[in-house]
1. Just list whichever of A:199/A:252; A:74/A:131; B:10/B:350; B:10/B:74; A:10/A:131 have alpha carbons separated by over 30 Å in the model shown.
2. Put a dot 7 Å past each Cα toward the Cβ at residue A:361 and residue A:232; how far apart are the dots in nm?
3. Counting only residues 5 or more places away or on other chains, whose amide H sits under 5 Å from the amide H of residue A:80 once H atoms are built in the peptide plane?
4. What area, in nm² and to one decimal, does the C-alpha convex hull of chain A cast on average over all directions?
5. What percent antiparallel are the DSSP beta bridges of chain A, to the nearest 5?
6. What order do you get for B:279-291, B:406-418, B:89-101 when each peptide is scored by the mean count of other beta carbon atoms within 10 Å, highest first?
7. If we hang a label 7 Å off Cα along the beta carbon direction at residue A:387, how far is it from the matching labels on the other copies, in nm, shortest first?
8. With labels modelled as points extended 7 Å from the Cα through the Cβ direction, what inter-label distance (nm, one decimal) is found for residue B:157 paired with residue B:245?
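Since every read-out is calculated from the coordinates, none of them should be taken as a lab result. Predicted model only: the values in this text are computed from it and were never measured. Every residue, glycine among them, receives a Cβ derived from its backbone with ideal geometry; neighbour counts consider all protein chains shown.
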There are 2 protein chains.
Amino acid sequence: MYNEKMSEHKPVVVVVGAGFGGLRAVRALSKLPVETILLDRRNYHLFQPLLYQLATAGLSPGEIAHPVRGILRKNKNLTFRLAEVQQVDLKAKQLSTSTGVIDYNYLILAVGGETNFFGLDSIARNGLGLKDLDDALAIRNQLLNCFELAMQEPDPEKRRALLTFVIVGGGPTGVESAGAISELIRLVLVKDYLNLNIKDVRVILLEATDKLLTGFPAALQEAAAKRLWQKYVEVRFGATVTHFDERQVILKSGEVIPAHTLIWSAGVRAAGLIDKLEVQQARQGRAVVAPTLQLPEYPNVFVIGDAAYLEADGEAMPMMAPVAIQMAETAVKNIQRDLQGQAPEAFVYKDPGSMATIGRNAAVARIGNLQFEGFLAWAAWLVVHIIQLIGFRNRLFVLINWIWDYVFYERAVRLITPYANRSRSQEP
Amino acid sequence: MYNEKMSEHKPVVVVVGAGFGGLRAVRALSKLPVETILLDRRNYHLFQPLLYQLATAGLSPGEIAHPVRGILRKNKNLTFRLAEVQQVDLKAKQLSTSTGVIDYNYLILAVGGETNFFGLDSIARNGLGLKDLDDALAIRNQLLNCFELAMQEPDPEKRRALLTFVIVGGGPTGVESAGAISELIRLVLVKDYLNLNIKDVRVILLEATDKLLTGFPAALQEAAAKRLWQKYVEVRFGATVTHFDERQVILKSGEVIPAHTLIWSAGVRAAGLIDKLEVQQARQGRAVVAPTLQLPEYPNVFVIGDAAYLEADGEAMPMMAPVAIQMAETAVKNIQRDLQGQAPEAFVYKDPGSMATIGRNAAVARIGNLQFEGFLAWAAWLVVHIIQLIGFRNRLFVLINWIWDYVFYERAVRLITPYANRSRSQEP
């Protein structure tokens with residue numbers, strides 16, 4: 001390898017994935033006497049919690065995606081390689097990547113999750129997921145394009161189908177997307193489309209169970225549903241989608257909803273690489289790890305974040321950034337202990353709480369034992385997310401955008417771009 | 001058409017293209033007793049003069065592209081239609097578009113230009129043009145990807161070819177791109193790629209004639225070449241490219257330059273729609289217009305901007321924004337005169353000057369009879385471009401980005417995005 005910084009003597013730790021978990025692992029590894037190689041197929045870290053704001057024209061890609069090399073410039077024991085991991089030979093301690101083979105002493109798999117369509121082919125083909133930049137831009141293009149087509153559509157039934165937006169799944173992504181789409185239309189697009197009859201517009205959130213935001217306290221689940229309803233989102237419970245063909249959504253009940261747009265936020269599963277490992281997988285394709293985050297048969301391999309399956313009190317760890325970050329710290333600590341000849345420690349999750357925003361002045365939040373909703377939760381959400389963004393410039397730009405939106409009821413990035421349309425998002 | 005605002009009595013003016021000329025025409029038409037329909041296949045106006053800064057990771061799409069509906073909200077006699085014009089029946093006064101047929105009384109074709117590869121197939125297939133957002137993002141992806149691949153390339157010859165960037169054409173776009181790429185590498189990327197040997201990097205500007213910036217005063221042409229050279233751009237004159245296959249650039253002289261990247265800014269021609277009109281075309285496929293900007297056989301049809309061919313003092317009008325804007329004003333004035341039964345007036349171009357930037361503190365500018373270069377020209381360039389941007393928010397964001405870059409030697413948007421790679425730009 002060109003200009004390889006690796007020494008013959010220091011152990012090599014390979015980290016796969018530059019998400020929340022991978023970045024934290026690399027930072028923690030910078031204090032250990034090891035050589036670290038970080039692999040990702042993207043050259044940026046994506047701040048996924050704000051991806052829905054890209055999809056709803058409020059933010060730009062450059063504001064929530066940050067180049068990995070920029071973040072990690074000060075890590076002197078690190079080599080970043082832009083490459084896709086194709087295969088892991090756990091026995092030989094070797095990775096095959098799109099740019100060559102890499103040997104490791106320790107491996108941390110922080111590969112994250114991908115959209116889970118549960119084998120529903122028509123939805124995988126015609127629906128829109130929301131996991132990466134191009135997904136978000138495809139949704140933005142689709143929303144705006146539907147409005148442009150609707151303005152030129154003489155048939156009222158076809159027009160209403162163009163203006164019906166179905167979001168599937170009542171988790172944080174579905175709730176936040178539904179609220180943001182409804183506000184985009186009712187506060188912003190009405191100014192662009194003066195001939196729009198707002199009564200032609202429907203925003204529908206379909207949830208298969210009878211509650212939103214699984215894992216939140218019941219009072220906040222109810223509050224979220226109520227707030228969404230107040231923002232003219234039709235929140236539907238017990239609604240299971242079975243088919244979507246770009247013209248209509250079909251539910252298990254037989255109900256048919258004419259709609260051109262279906263956003264699928266009803267499922268996440270571990271990234272496909274995990275399937276290739278030939279290790280034990282639990283629900284959602286996640287790799288079963290020991291309490292120390294090691295693979296049971298390969299103690300030099302750690303799986304963290306969305307891709308790892310670990311139970312606490314009989315419940316699987318949620319697929320959330322705080323879990324990935326804390327797991328990264330435990331994994332690196334266990335590598336350090338192993339280097340020092342000590343036994344690894346078990347992972348203990350310290351739950352910082354969770355929050356979801358519904359729109360202007362409306363959010364739900366649980367921090368420790370505190371629960372709150374409405375303006376206070378919304379303000380807390382804003383502060384937490386601004387702080388967690390990487391880079392002062394990104395914080396400044398997001399903040400200006402948010403203030404702009406709040407004061408002027410505006411979403412600046414209402415572009416239908418020539419790239420990232422619906423057909424792009426189908427590529428595996 | 002849905003909610004058509006058109007009256008039976010007012011004449012209908014259709015404007016095709018929401019570039020500099022088209023927007024100015026629509027604004028001028030808002031004061032006439034007409035119904036205006038603006039057609040564009042994009043929903044945004046693109047500030048093309050800053051497109052090269054998108055290609056070199058300094059700016060984001062949302063900062064130089066502005067939604068047309070947002071710009072023209074106050075124009076009450078306007079209908080915007082997102083549609084591609086497929087055919088114009090000049091005799092029947094009718095347009096066929098991707099969303100239906102439109103009749104007009106007057107037509108203003110402000111369709112602009114597109115990259116002209118002069119029939120060089122290998123370059124059209126493998127080279128990168130710079131006319132729209134996806135072109136710019138394809139260049140950004142390509143530049144950054146070459147660095148990532150070079151860092152993992154053990155063969156020094158292959159590595160140097162990955163790090164050789166050839167820009168063809170010494171007009172403003174070529175000069176500005178070459179300067180910006182050289183500075184991106186030498187001031188910014190050196191911080192990201194600590195193992196980079198800067199001596200492996202070449203930025204080459206190839207110009208077929210013996211001067212840059214045709215149309216500029218000779219002293220400024222020389223100054224531009226010198227400033228580029230000082231920024232380590234190899235400026236080569238009398239160099240005509242005949243072939244490029246993604247691995248090497250071949251010149252007419254037989255010279256071979258190993259390089260993975262060729263940016264083609266050596267030619268522009270009128271947009272393809274002009275070819276379908278069956279009217280007289282001059283050089284670059286531009287439609288020959290009368291001095292009044294009318295098509296000689298169709299006095300109700302005006303062609304303006306890059307797509308129009310008109311001579312003044314034996315020289316064709318340059319393909320520049322000020323020409324398009326002034327032509328828009330003349331065309332609308334001539335529609336007004338026609339409505340009032342008056343004869344049309346001839347177009348007279350008032351040359352506001354021209355400028356091109358080479359990099360930090362370096363530009364060349366001619367304003368009226370004044371010529372200057374260096375820091376003063378650079379400062380003038382900044383002010384003129386900030387003022388001409390649309391929207392206070394865009395001005396603010398571009399300004400912050402520029403200050404950031406200037407102070408910290410930084411280009412924030414160093415993203416290799418999953419969309420708009422090289423193969424996308426080949427599509428048309």
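1. Details: A:199/A:252 27 Å; A:74/A:131 28 Å; B:10/B:350 32 Å; B:10/B:74 19 Å; A:10/A:131 36 Å.
The pairs that break the limit, which is 30 Å between Cα atoms, are B:10/B:350; A:10/A:131.
2. Distance between the two pseudo-spin positions: 1.7 nm.
3. Under 5 Å from the amide H of residue A:80 lie the amide H atoms of A:38, each far enough along the sequence or on another chain.
4. Numbers: hull surface 84.2 nm².
For the Cα atoms of chain A, the hull's average projected area reads 21.0 nm².
5. Around 50 percent antiparallel, to the nearest 5.
6. Working: B:279-291: 17.5, B:406-418: 19.2, B:89-101: 14.5.
Taking the mean over residues of other Cβ atoms within 10 Å, the ranking is B:406-418, B:279-291, B:89-101.
7. Label-point separations across copies, in nm and ascending: 4.5.
8. Once both label points are built, they end up 1.4 nm from each other.
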